[in-house]
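Colleague: The structure follows.
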Amino acid sequence: MIIPLYATSTAHVATKLVELRQDGGVAALGRVLTLIIHCEAGDIETSIQAANLASIEHPCRVIVLTAEDLDGPASMDAQIRVGSDAGASEVIVLRLRGAPGRHLDAVATPLLLPDAPVVVWWPDVWPDLPSQDRLGTLASRRITDATVAERHLAGEAGPLPLVAALTTGYTPGDTDLTWTRLTPWRAQLAAALEIPPLTAVAAATVTGPDSTASYLMAAWLTDRLGVPTRRQIADSPFLTAVEFRLAGGRRVLLDKESEESQAVLRISGQVDRVVTLSRRSRAEALAEELRRLEPDLAYGHLVEEALPRYLAGGPPIPPGPEDANS
């Protein structure tokens, strides 16, 4: 059920929520957090769809804020979505114009669930310092998505400005869904290095697009393995392979070219293995981040220490003739 409220106020929206609870049994009981989504108007529906799917695991109140025409007259239109239109949550969509669009925290605060954690998610572009943003100050967790932001900023300066923004703007409690999507890769790579015979890694290569994801993966491998890791640029929207060169000339290759949910693990001298390696949807990545409401220490170490060290090591190495025969 979708209930539109035109030229309204937060007080009217709050009153309508109480009426729905009393008249139709729509309850805030059982909601574990408030998820605030600040997005552009064109991203409202896709963001709500992801939040609705994530809410099956994490029942919450979702507040979607979009600001338009900040120099125009002040006004606010709203929607309240419940039932089948809201997953396991209740969704409040606020379209702000004029002065309210410059004070999103004041608009959102009266609608927060009492005594419940607050998470803010920017599905596309995000402020330079999320923790100091008006909405960010309300939250214990702040979620960005550099992979989506790359598409919004396509053709401007490549991923480096976004990669740098993750490092310079970081405060404990921040995380990015690009890192979350790498969890299956990291798990499979860690497992691959436990397969006998165990041999030290001498070097690593990450193959994929010139993207934030490839920078994060390469920086993580360099930090965890203590070996040089290069990025090999490939014409693909996703990471396609990670290779370890081992002492003695052996190699381990996790190769994911086209299969949506599988990859091939190739180890010198052994039979190829088919392993599970799914590409996580936005909703799956968001659901994973909502499982923890404390700072992600691994991500914090990556963007505060490992990634700056990797960036200082020089530009990516372009593929050479030997790569074509690998």
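Colleague: Could you point to the residue in LEU311, GLN49, GLY72 farthest towards the positive end of the chain's charge dipole, with +1 and -1 charges on the Cβ of Lys/Arg and Asp/Glu respectively?
Modeller: The one lying farthest along the dipole's positive direction is LEU311.
Colleague: Residues with amide H under 5 Å of ALA202's amide H, sequence separation 5 or more or different chain, H placed in the peptide plane at 1.01 Å from N; which?
Modeller: Placed amide hydrogens put ARG245, LEU246, ALA247 under 5 Å from ALA202.
Colleague: At 0.36 nm per residue, minus the direct Cα-Cα distance, what do HIS152 and SER278 gain on full extension? Give it in nm, one decimal, please.
Modeller: Difference between extended and current length: 42.9 nm.
Colleague: For GLY173, list long-range residues whose amide hydrogen, built 1.01 Å from N in the peptide plane, is under 5 Å from its own amide hydrogen.
Modeller: It is ASP296, by chain and number.
Colleague: For the residues MET1, MET217, MET76, what sequence is obtained by ranking on other C-beta atoms within 10 Å, fewest first?
Modeller: Ascending number of Cβ neighbours within 10 Å: MET1, MET76, MET217.
Colleague: Label-point separation (nm) for ILE2 and LEU112, each offset 7 Å from Cα along Cα-to-Cβ?
Modeller: 2.9 nm
Colleague: Just grab the label-to-label distance for LEU129 and ALA202, each label 7 Å out from Cα along the Cβ direction, in nm (one decimal).
Modeller: 4.7 nm
Colleague: Would you mind classifying the stretch 181-280 by shape? Square roots of the alpha carbon gyration tensor eigenvalues, ordered a ≥ b ≥ c; an a/c under 1.5 is rounded, otherwise it is prolate if a/b is larger than b/c and oblate if not.
Modeller: Because a/c hits 1.5 or more and a/b fails to exceed b/c, the stretch 181-280 counts as oblate.
Colleague: Still on this model: Efficiency by 1/(1 + (r/R0)^6): what FRET value for THR167 and GLN22, r their Cβ-Cβ distance, R0 = 45 Å, to the nearest 0.05?
Modeller: Once the sixth-power term is evaluated, E becomes 0.40.
Colleague: Right, here's the next one. Between VAL32 and LEU160, what is 0.36 nm times their sequence separation minus the Cα-Cα distance? Round to one decimal in nm.
Modeller: 42.5 nm
Colleague: Let me ask something else about it. Just the number, please: percent antiparallel of the DSSP beta bridges in the chain, rounded to the nearest 5.
Modeller: Within the chain, antiparallel bridges account for around 50 percent of the total.
Colleague: Cut-off is 10 Å between beta-carbons; in what order do PHE238, PHE244 appear when sorted fewest neighbours first?
Modeller: Starting with the residue having the fewest Cβ neighbours, the order is PHE238, PHE244.
Colleague: Dipole of the stretch 66-171, Cα-centred, from +1 at each Lys and Arg C-beta and -1 at each Asp and Glu C-beta, to the nearest 20 debye?
Modeller: 160 debye
Colleague: Moving to a separate point now. Which of [x] 35, 23, 18; [y] 42, 21, 16; [z] 38, 25, 17 is the computed semi-axes √(5λ) of the Cα gyration tensor in Å for the structure on display?
Modeller: Checked against the structure: label [y].
Colleague: Sticking with this structure for a sec: To the nearest 0.05, how large is the calculated FRET efficiency for ARG291 and ALA247 if R₀ is 56 Å and r is the Cβ-Cβ distance?
Modeller: 0.90
Colleague: If I stretch the segment between GLN270 and ALA88 completely, what's the gain in nm (0.36 nm per residue apart, minus their alpha carbon distance), one decimal?
Modeller: 60.9 nm is the gain from fully extending GLN270 to ALA88.
Colleague: Using θ = phi - 60° and the Karplus curve 6.51 cos²θ - 1.76 cosθ + 1.60, what whole-Hz ³J(HN,Hα) does each residue of the stretch 299-311 get, with Gly and Pro shown as x?
Modeller: 5, x, 4, 4, 7, 8, 10, 5, 5, x, 5, 5, 5
Colleague: Next question, about the same structure. Between ILE36 and residues 5 or more places away or on another chain, which pairs have amide H atoms under 5 Å apart, with H built 1.01 Å from N, and which residues are they?
Modeller: HN-HN under 5 Å from ILE36: ILE63, VAL119, VAL120, TRP121.
Colleague: Related question: Please rank ASP145, ASP71, ASP85, fewest neighbouring Cβ atoms within 10 Å first, as an exposure proxy.
Modeller: Ordered from fewest to most neighbouring Cβ atoms within 10 Å, ASP145, ASP71, ASP85 come out as ASP71, ASP85, ASP145.
Colleague: Return the distance in nm (one decimal) between the two label points of a simple spin-label model at THR46 and LEU193, each offset 7 Å from Cα along Cα→Cβ.
Modeller: Placing both labels 7 Å along Cα→Cβ, they lie 3.4 nm apart.
Here, each number is a calculation from the coordinates, and none is a lab measurement. Being a predicted model, the structure only gives us computed values, none of them experimental. Glycine also receives a Cβ, built like all others from the backbone with ideal geometry; neighbour counts cover every protein chain displayed.
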